[in-house]
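The structure appears right after this line, and notes come after that.
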Amino acid sequence: SHIAHIEDYLAGKIQGVTNLSNEVIDQTLRGLDHKVVLVIDYSNGADGIAASSPIRDFSQIRGKKVAYEKGTLEEYFLLYALEQYRLSTRDIVSVNLDPVASAQTLEEGKVDVAVTYEPFLSRAVEKIGGNLIYTSADAPGLITDLLTFSASFVETWPESVFAVVRAYFKAIDFWKKRPDEVNGILAKQFETTKEVVARQLKGVTVLDLEANRTALTFSVGTESLYGNLRRVGEFVLRQQGKERGALDTDRLIDKSFIKRLAKEREIP
């Protein structure tokens with residue numbers, strides 16, 4: 001499971017992992033020295049908060065039973081949404097369930113709200129004639145998938161890291177040229193259909209090499225990973241009751257591999 005991988009990563013048994021922006025911050029605060037080498041994708045609607053039909057707006061969540069998994073992305077996402085509406089977990093009745101069980105419990109009418117992801121998100125809304133009251137499209141760039149390596153591995157084995165980065169973008173290019181074929185490969189891997197894969201991919205923005213070059217600059221808006229990590233870092237620090245200056249998120253980014261690959265491909 002993802003949680004087991006992260007524990008192995010923290011223990012030094014794994015040198016590189018696909019990671020979530022909030023987890024990268026949390027792992028750093030737990031003492032891990034590591035680097036982000038590329039941006040995989042931004043969630044753009046694939047993660048969300050579903051509610052039973054009477055609840056049409058997020059502000060109506062107050063006093064309701066909300067299913068989400070504590071200590072995971074779902075809790076982080078919910079906390080962020082609550083903060084936007086000047087609410088907190090004290091204003092809701094929390095029910096600790098994983099994302100699949102959360103959606104199922106909403107369908108069974110045992111809770112009013114569920115924090116989950118696709119395909120369970122759309123399925124639950126459809127099944128109960130409910131409402132999507134908040135999705136990752138309402139918080140651009142908040143949920144970002146990143147590739148990270150331990151700093152010592154990056155320092156000792158830079159050629160290995162670069163080989164992974166190069167191979168990764170070869171795969172992305174292949175997917176962009178032949179999406180149907182690649183969706184078929186993914187469908188086989190995840191025991192589903194390529195139509196379902198294509199639909200799920202619509203909920204994320206996958207970044208190619210060009211988009212990574214933009215993300216790894218100090219550009220304005222959600223495209224900049226520097227801006228993203230600063231915002232996520234401030235939020236995580238607030239949640240943990242730590243000083244705002246307790247973390248320099250800019251230092252978590254190593255853009256040398258993206259720069260080198262762009263140069264190799266002669267991208268100006």
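For the reader, a short list of remarks on this structure follows.
- For the pair Ala187 and Glu210, label points projected 7 Å from Cα toward Cβ lie 2.8 nm apart.
- Electrostatic dipole magnitude of segment 130-268 [Cβ: Lys, Arg +1; Asp, Glu -1; Cα centre; debye, to 20]: 100
- Simple Cβ-charge dipole of the chain, Lys/Arg +1 and Asp/Glu -1, about Cα centre, in debye nearest 20: 300
- Projected label distance in nm at Ala151 and Ile3, using a 7 Å step from Cα toward the beta-carbon: 2.8
- Across the options Thr18, Leu32, Tyr226, the greatest Cα extent toward the positive end of the charge dipole of the chain (unit charges at beta carbon of Lys, Arg, Asp, Glu) belongs to Tyr226.
- Beta bridges per DSSP with both ends in the chain, % antiparallel, nearest 5: 75
- Anisotropy class of segment 193-268 from Cα gyration tensor, a/c 1.5 cut: oblate
- Charge-dipole axis of the chain as Lys and Arg at +1 and Asp and Glu at -1 on Cβ define it, positive-most pick from Gln84, Gln239, Thr148: Gln84
- Segment Asp138-Arg30, extension gain: residue separation times 0.36 nm, minus the distance between their alpha carbons: 36.0 nm
- Between Arg123 and Val100, the modelled labels are 0.9 nm apart [label points 7 Å from Cα along Cα→Cβ].
- Protection-proxy order for peptides 154-164, 115-125, each taking the mean of Cβ atoms within 10 Å per residue, highest first: 115-125, 154-164
- Phi angles of segment 171-179 translate, via the Karplus equation with coefficients 6.51, -1.76, 1.60 and θ = phi - 60°, into HN-Hα couplings of 5, 5, 4, 5, 5, 5, 7, 10, x Hz per residue; Gly and Pro are given as x.
- Rounded percent of accessible protein surface that carbon and sulfur make up, segment 179-268, 1.4 Å probe: 52
- When both segment 72-140 and segment 150-199 are represented by their alpha-carbon centers, they are found 29 Å apart.
- Distant-in-sequence amide H partners of Leu32 (H built 1.01 Å from N, under 5 Å): none
- Degrees separating the helix 73-84 axis from the principal Cα axis of the chain, which is the longest one: 70
- Positive-end ranking of Leu73, Ile6, Gly63 along the dipole of segment 1-129, with charges on Cβ about the Cα centre, is headed by Gly63.
- Taking amide H atoms as placed 1.01 Å from N in the peptide plane, the amide H of Leu146 lies under 5 Å from those of Asn19, Leu20, Ser21, Ile40, each 5 or more residues away in sequence or on another chain.
- Rounded to the nearest 20, the Cβ-based charge dipole of segment 1-142 about its Cα centre (Lys and Arg +1, Asp and Glu -1) stands at 340 debye.
- Entry comment: accessible area of the chain is 52 Å² per residue, from protein heavy atoms only and a probe of 1.4 Å.
- Linear extension gain, Lys13 paired with Lys64, 0.36 nm per residue minus alpha-carbon span: 14.2 nm
- Couplings 3J(HN,Hα) for segment 18-31, derived from phi with the Karplus relation 6.51 cos²θ - 1.76 cosθ + 1.60 (θ = phi - 60°), are 7, 9, 9, 3, 5, 6, 4, 5, 4, 5, 5, 5, 8, x Hz, where x marks Gly and Pro.
- Subset of Lys70/Lys194; Lys70/Lys170; Lys65/Lys188; Lys13/Lys35; Lys127/Lys202 violating a 26 Å alpha-carbon distance limit: Lys70/Lys194; Lys70/Lys170; Lys65/Lys188
The values are calculated or read from the model by the stated rules, or taken from the named source; none is laboratory data. The structure displayed is predicted, hence computed values, not measured ones. A quick note on method: Cβ atoms are made from the backbone with ideal geometry, for glycine too, and the neighbour counts reach across all protein chains shown. The accessibility values were calculated without ligands, DNA or RNA, using every heavy atom of the protein model including side chains. Shrake-Rupley method; radii C 1.70, N 1.55, O 1.52, S 1.80 Å.
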